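Below is one structure; the comments refer to it alone.
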Amino acid sequence: MAYKVFISSTLKDLDLALDLARRLESAGIKVNSVDKSAASGEAIPIKITHELSRADEVFVILTDESIDSSKLMFEIGAASSLRKRITAVVVGLKPSKVPSLIKNLKYIRYPDLERYIGDLEKRAKAA
């Protein structure tokens, strides 16, 4: 069975989410529909929680634009309560601006994404 990920982002960061999805899919990782999960009007908590429950890992894209998003914080909390692996992808934030909640999780910087995806691809094949 394919390794599945959920990408949490805001509409303002949709281009980053689509780029991440493309890279993950190239590595053989199954990605939920990014455009639907980013659409603020469709962020129905029950639907999102269902999608999160089906994922093996949750990626959260954090930028200056999304750092205060209640939608992202909801998705991080829901993923955490489901005991999902959460990986924050930090884009353009100074270390002092990264929320303490994210500092306690594993997070990667956008330039390090390719290396992380390579490691993820190996981990997914071993599972």
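Here, each number is a calculation from the coordinates, and none is a lab measurement. What you are looking at is a predicted structure, and each value in this text was computed from that prediction instead of being measured. Note that we place each Cβ from the backbone using ideal geometry, even for glycine, and neighbour counts take in every protein chain shown.
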Where is the GNM fluctuation largest for the chain (alpha-carbon springs, 10 angstrom cutoff): Asp13, Asp56, Asp68? Asp68
Give me the distance in nm between label points sitting 7 Å out from Cα along the Cα-to-Cβ direction at Ile67 and Ser80, one decimal. 1.8 nm
Extension reserve of the Ala126-Lys47 stretch, reckoned as 0.36 nm per residue once the Cα distance is removed: 25.5 nm
Relative contact order [Cα under 8 Å, 6+ residues apart], the chain, whole percent: 27 percent
Could you pull out which residues in the range 82-104 have an amide N less than 18 Å from a spot 7 Å beyond the Cα of Arg115, following the Cα-Cβ vector? 87-93, 95
Suppose every K and R has +1 on its Cβ and every D and E has -1 on its Cβ; what is the size of the dipole of the range 51-114 about the Cα centre, in Debye to the nearest 20? 280 debye
Counting Lys and Arg as +1 and Asp and Glu as -1, each charge on the Cβ, what is the dipole of the range 4-126 about the Cα centre in debye, to the nearest 20? 500 debye
Binning at 10 Å from 0, report for the chain what percent of all alpha-carbon pair distances ends up in each bin. 13, 50, 34, 4
